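Here's the structure, in structure tokens; my notes come after.
What follows draws every value from the coordinates through simple rules; no lab data is involved. All values reported here derive from a predicted model rather than from experimental measurement. Cβ atoms come from the backbone with ideal geometry, glycine included; neighbour counts cover every protein chain shown.
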Amino acid sequence: MQSQLPLYPEQASNFAPHVDALMIFIIAVCLFFAVAVTAAVVIFFFKYQRKHPDEVGVPIHGDMRLETAWMVVPLVLALAMFGWGAVVYVDFRNTPQETLDIYVIGKQWMWKLQQPNGMREINELHVPVGRNIRLIMASEDVIHDFFVPAFRVKMDVVPGHYNTMWFRPTKAGRYHFFCAQYCGTNHAVMGGWVTVMEPSDYAAWLSGSSGADANPVVAGEKLFAEKACITCHFSNGTGRAPSLNGVYGGQVGLADGSTVTADESYIRESILVPNAKIVRGYQPVMPTFQGQLTEEQIMALTAYIKSLQSQPVPATGAGVLPAAAGKK
Amino acid sequence: MSEHIVSPKIYLAIFGTLMLGTFLTVVAAYRDLGQWNIVVALAIATFKATLVVLYFMHARYSPKRTQLVVICAVFWLAIMLALTLSDYTTRQHEGRIITPSAAHSLSV
Amino acid sequence: MHRTGELYGQFETLEQQKDTASFGMWVFLAQEVLFFGGLFMAYTVNRRAYPWAFGAGSSTLDLTLGGANTVVLILSSLTMAMSVWAAQVGKKRLVTWMLIATLGLGTVFLGVKVVEYKQKFDHHLIPGHGFDIRYVSQHPELAKNPEEAAKEAEELDKAFAKDPDLNAHAQLYFSLYFGMTGLHALHMIVGAGLLLWLIAESIGGRYTPKYNTPVETVGLYWHFVDIVWIYLFPLLYLIDRHN
Amino acid sequence: MPREHYLNATYGIRSWLLTTDHKRIALLYLASVTFFFFVGGMFATMIRIHLLTPNGYLVSPETYNKLFTMHGVAMIFFFLIPSIPAVLGNFLIPLMIGAKDLAFPKINLLSWYIYLVGGSFVLYSFATGGLDTGWTFYTPLSSVYSNSAVTPAVIGIFINGFSSILTGLNFIVTIHTMRAPGMTWFRLPLFVWAHYATSIIFILGTPVIAITLLLAGLERMFHLGFFNPALGGDPILFQHLFWFYSHPAVYIMILPAMGVISEIIPTFARKPIFGYAFIAGSSIAIAVIGFFVWAHHMFLTGESTFAALAFSFLSYLVAIPSAVKVFNWASTLYKGSIAWDTPMLYAMGFIGLFLIGGLTGLFLACLGLDIHLHDTYFVVAHFHYIMVGGAVMGYVGGLHFWWPKITGKLYPEFLARVAAVTLFIGFNLTFFPQFILGYLGMPRRYHNYPPEFQVLNVMSTAGASILALGYLLPMVYLIWSMRYGQVAGPNPWPATGLEWKTDSPPLTENFHVTPEVTWEPYDFKNRQDLGLVAGTRPLAPAHGDD
């Protein structure tokens, strides 16, 4: 365990060493300036202490070279900080291709998390070490924020938006996670533990759970039939709506000539506001499912549509670009 | 500083131009110019506003500091609009997505 | 501070006092630009998000009333400018008449606004639980002519097809409509109060080529209110009229 | 003491409540901001005591949330923002530029009444249910979910905004049109430049927070949807509008303090300030660039990567003018004749604390680090270093510097130095541990915390008790000095500004004759005039002139 007075949290993700290195760099630069200025002030303060009551200082009005130097040098160092920080941030905001997706729902004052196989957890998260983990996050009420200090990651969970973040745990163990965005009365207790496990332990843990019936793909498939999606979205692309096979992750051509990447947000929007983006060659006939699906059902449907990825792509219908598919 | 007296003729000319501008705005609104509808509407409005500021409000004949205030006000408004939109227009997913729970509360 | 005739104690000369007063009003108006600016920002972001709802909401507004009001307000700006001119050249009677004309036109504007608000109330277009953008199309007896109403209903159906949550999003449009026009009207009411004060003073022949600062500063304010309307009119009344 | 001055020109409660004298209005503000400072300080004390133990036994979670919210609202909107501008600025700007009063004395009084009305609404909210939204009022928590008295608080802050706007308006117009003959722009004291920059923010920023909180309040009262996602609104829009003002608001707090420091340092180093034009220009630069950086509060809201990069870049630019000021202050000390008087101790403390506060801002502007540091105690420590270490040190230092001018009396120098050192030590002990807490991952606004954070929290609370003592001490001896202090004379330090060329306390019209300025700022060449001829002046000004 750590000492009584640790100076930094454990490093347990791919981001942690980067963030800590950045921290050390900026501390070094700042320490240099802080020490230099403080030393100057203290030395002058003692050295030039007034000796006679009517003494006057030497009038010096300024120096262009000095002014230029202390504008340019800090500017260069500041831009270095900006650049390095930007590299780390862009890496954080751009999720890699291969991820293990975990759905996170924040509500006052608990976290509901769901493993890819449908296993649900509350205020607990189990992830395998060495895998890229992506959290897909939504809020049911106010703004929350999922924060794992040991991973050096944090992202707001905003109602009405989907925010995602990713990390790769590098060290097995149990780590605190917190809600970092003030969300009302029990904000301080809206947290829990992330358990990072060896992949084999994780697999055992997953199978040890009875998650099968709650598998979102299975649930999504059931919903797909129940909600009559299946009556239009034929898998061979001959229905009134585009086939959804392989749609996830590809480019979709729209009626207005633009294209859009079919990711979670697009699928979600297509379910809730179907006519916002019409696939080329299809009519805006799909009704909205707003108010008819819970957040979890949407996630299940999304998971199911994503699972269609691996099935063979059928003959492309109108409006479906090569190596991609349409929707609705 | 001696004050500048704007003659009523100029006032009437400005008034006429403003009327014309109003008329053009309405006419333009009934044409389908696609994305340009809003641009044309705002351009005409800005032209009209500029006339009002310069002549009705005498900004053209005012001291430099007054003109500075006008420029600052417009500039700061532009900062707010432009930088906020720099976020909204560069998001991967524009527009908002309503949560179902939210939709429920709507139907109450 | 002590009052020495028309010169306030903190100033050295009348000219300094006049410059200061009008500059003060300009700085105040700069503040007003940003005050309305917050609303325009909210308008921009929401209109980008819900273009169909904003188009549908805008179509329910009465263009004739809105257009007429625009003319009335610009005309009142003209009379206001004329009253400043009259004071500058010493036509004391004309100052009073022009101020009265300005006040009259301003009152007409507010009266028309009341009619419009009343109409929105009758048409269930006040944001809240009773809000129903389809109310008029389902109650054609409320519309001015039934043919137009039928066309409007058709337009609404199209808009609903594009944005199924149109009713909620149109409420955002109307929240902003009432927010923006309401704040504008509030400024008009304040302006009308200032005009009343100016008229009372000008009847006594107080405004002369030497001393007309109040007329000028209130004039600046009145013109600013006019400018706000110059933007509000196309932004609120003229969205997607070509459909 | 002069026979007649602004304090004894007229008597009676009416002569104060209906005064249009900028100096009396400044004292009215002094009393009211001090009141709010102690209200906010009381909440802070309870917060620190509560956080002594991980599970906090003192208050319930609801109460704790109300404490930090009310602490923030009272301190930011009703103490820090008006403190230096409305007290010292109000008192000094006309004196410094050689005017008889501000341009609009009645509006000046009006702004104090607006402040009182706004303050009353907020106190009403505190008293009837409190406020638990955080001072940031994030929607939809504030506009939909909170059960506390949000509406009166929002109305109060809305109203109070106009007090700031009118003060800023008055300053800008005054500085433009009321300067004495010979007082050119580049002869203005840097304090005036700083207030000019601050007023720009007052005028162009405050209206945005006013309209934003009005919209949030309307949303709450009438269930509208501007910022409520359940009704189609966007909570991120609220944050954009909120921070458009609230980030520059930080500069409203720090710029005037920088102005104070720029007056104190040349006075007690007895030499012209180093790089006058750069310090003046950097004030304006901070005010302008300060408006380009707001969304660095929103890096993790889902803001677009492009916007995050742009705002991070711009945030680094605003660091430069602040750095320029610090370098110039330090250089001014070089070859000076430095007196260790109390205001100078505050100025040195300010440089130290502002240095830490400013430099830690570089950590938060850094995109990669902000992922970890955002919304942790690191942020809390950072802005307290700026707002308390910077702004409050500047304010208290300024009060000491101009106290002889305001009251005509000197305070007990030894006690004052003790208080200055106490404040410096107490402040660092309170807030430095919070940087470490933040890096360890303790989030803000937590009423309880994991036990591993306890040691640092105890240190912080210990420091806070020293800090509290440091604030009470000046309160006591300054009030004492009003009656029993030694008579100061017109220019006890001596300093070069116009305000020191008139009586202490000044008469109602400020100057006997309108001054004409023929000298450059911070010019100590004319030693005769300043009483600096050998043998005419004792070493410590504490003995006074008369």
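Let's test the formula: R0 of 25 Å, r as the Cβ-Cβ distance of A:Ser207 and A:Glu98. What FRET efficiency results, to the nearest 0.05?
It comes out at approximately 0.70.
Under 1.5 on a/c is rounded, so check that first for chain A, then, if it is not, pick prolate when a/b is larger than b/c and oblate when it is not; a ≥ b ≥ c are the square roots of the alpha carbon gyration tensor eigenvalues.
Prolate is the answer for chain A, as a/c is 1.5 or above and a/b outweighs b/c.
Taking Cα atoms, how many degrees apart are the long axis of helix D:190-222 and the longest axis of chain D, rounded to 10 and kept between 0 and 90?
It is inclined by approximately 30 degrees.
Using the Cα centre of the stretch B:8-89 as origin and beta-carbon charges of +1 (Lys, Arg) and -1 (Asp, Glu), tell me which of B:Met80, B:Phe15, B:Ser62 is placed farthest towards the positive end of the dipole.
The listed residue farthest towards the positive side: B:Ser62.
For D:Lys106 and D:Ala9, compute 0.36 nm times the residue count separating them, minus their Cα-Cα distance, and round to one decimal in nm.
33.1 nm
If the reach is capped at under 23 angstrom between alpha carbons, list the lysines near C:Lys92, excluding any in the same chain fewer than eight residues apart.
Result set, ordered by chain and number: B:Lys9, C:Lys18, C:Lys210.
Between the stretch A:116-135 and the stretch D:358-397, what is the separation of their alpha carbon centroids in Å?
Comparing the Cα centres of the stretch A:116-135 and the stretch D:358-397, I get a distance of 34 Å.
Helix A:199-208 versus the longest principal axis of chain A: what angle, 0 to 90°, nearest 10, using Cα atoms?
50
Once the dipole of the protein assembly as shown is set up with Lys and Arg at +1 and Asp and Glu at -1 on Cβ about the Cα centre, which of C:Gln119, C:Ala192, C:Phe23 lies farthest towards its positive end?
Result: C:Phe23, furthest along the dipole toward the positive end.
Report, as an integer, the average count of C-beta atoms from other chains found within 10 Å of each Cβ along A:228-235.
Mean shielding count: 0.
Only bridges with both residues in the protein assembly as shown count here: give the DSSP antiparallel percent, nearest 5.
Counting only bridges with both partners in the protein assembly as shown, antiparallel ones make up about 70 percent.
Under the 0.36 nm per residue contour assumption, what length would be gained going from the current alpha-carbon distance of C:Lys120 and C:Arg48 to full extension?
23.6 nm
Measure off 7 Å from each Cα along the Cα-to-Cβ vector at A:Glu124 and D:Leu58, then give the distance between these two points in nanometres to one decimal.
Each label point is offset 7 Å from its Cα along the Cβ direction, giving 3.5 nm.
For chain A, set up a Gaussian network in which alpha carbons nearer than 10 Å are linked by springs, and say which option among A:Met81, A:Met299, A:Met155 fluctuates the most.
Sorting by GNM fluctuation, first place goes to A:Met81.
Kyte-Doolittle mean at least 0.5 and Cα extent at least 30 Å along the axis: which DSSP H helices of chain C qualify?
Going by DSSP H runs, the hits are C:63-89, C:92-122, C:166-203.
Could you tell me the convex hull volume per residue, in Å³, taken over the Cα atoms of the stretch C:121-243?
147
Using only the Cα atoms of the stretch B:8-89, build the gyration tensor, take square roots of its eigenvalues as a ≥ b ≥ c, and label the shape rounded, prolate or oblate: rounded if a/c is under 1.5, else prolate if a/b is larger than b/c, else oblate.
oblate
Could you give the alpha-carbon Rg of chain D over 2.2 N^0.38 Å, rounded to two decimals?
It is 0.95.
If you wrap a convex hull around the Cα atoms of the stretch A:161-293, how much volume per residue is inside, in Å³?
Value for the stretch A:161-293: 187 Å³ per residue.
Within chain D, what's the longest stretch lacking chymotrypsin sites (Phe, Trp or Tyr not before Pro) that sit in DSSP loops with no more than 11 other Cβ atoms inside 10 Å?
D:58-546
Taking the Cα centre as origin and putting +1 on Lys and Arg beta-carbons and -1 on Asp and Glu beta-carbons, what dipole magnitude results for the protein assembly as shown, to the nearest 20 debye?
1840
Convex hull over the Cα atoms of the protein assembly as shown, averaged projected area in nm²?
Projected over every direction and averaged, the Cα hull of the protein assembly as shown covers 47.9 nm².
Taking 60 Å as R0, compute the FRET efficiency from the Cβ-Cβ separation of C:Thr107 and A:Thr294 and round it to 0.05.
0.65
Could you work out [θ]222 nm for chain D from helices alone, using -39500 (n - 2.57) per DSSP H run of at least four and dividing by all its residues? Round to the nearest 500 deg cm²/dmol.
Computed mean residue ellipticity for chain D: -21000 deg cm²/dmol.
Helix D:235-269 against the longest principal axis of chain D: what's the angle in degrees, Cα atoms only, rounded to the nearest 10?
So the inclination is approximately 20 degrees.
What is the Cα radius of gyration of chain C over 2.2 N^0.38 Å, N being its residue count?
Cα Rg divided by the expected 2.2 N^0.38 Å: 1.23.
Can you give me the relative contact order of the stretch A:215-310 as a percent, contacts being Cα pairs under 8 Å and 6 or more apart?
Reported relative contact order: 37 percent.
For chain D, calculate the relative contact order in percent as a whole number, restricting contacts to Cα pairs under 8 Å that are 6 or more residues apart.
Once normalised by length, the contact order is 18 percent.
From the residues D:Tyr29, D:Ala381, D:Pro490, which one has its Cα farthest along the dipole of chain D in the positive direction, the dipole being from +1 and -1 charges on Cβ of Lys/Arg and Asp/Glu about the Cα centre?
Looking along the dipole axis, the top candidate is D:Pro490.
Evaluate E = 1/(1 + (r/R0)^6) for A:Glu226 and B:Gln35, where r is the Cβ-Cβ distance and R0 equals 30 Å; express this FRET efficiency to the nearest 0.05.
After rounding to 0.05, the efficiency reads 0.15.
Hey, got the dipole for the stretch B:8-89? About the Cα centre, +1 on K and R Cβ, -1 on D and E Cβ, debye to the nearest 20?
440
Below 12 Å, Cα to Cα, which aspartates and glutamates can D:Lys335 reach? Residues fewer than 8 away in the same chain don't count.
Partners found: A:Glu55.
P(r) for the stretch A:215-310, please, calculated from all Cα pair distances in 10 Å bins and given in %.
Per 10 Å bin, starting at 0, the Cα pair percentages come out as 16, 55, 27, 1.
What's the longest bit of chain D with no exposed GluC sites (Glu not before Pro), using DSSP loop states and at most 13 other Cβ atoms within 10 Å as the test?
The answer is D:5-515.
May I ask which of D:Lys23/D:Lys525; A:Lys107/A:Lys154; A:Lys112/A:Lys222; A:Lys227/A:Lys277; D:Lys405/D:Lys525 have a Cα-Cα span longer than 25 Å here?
Violating the 25 Å limit, Cα to Cα: D:Lys23/D:Lys525.
Relative contact order (percent) for chain A, with alpha-carbon contacts under 8 angstrom and 6 or more residues of separation?
Relative contact order comes out at 15 percent.
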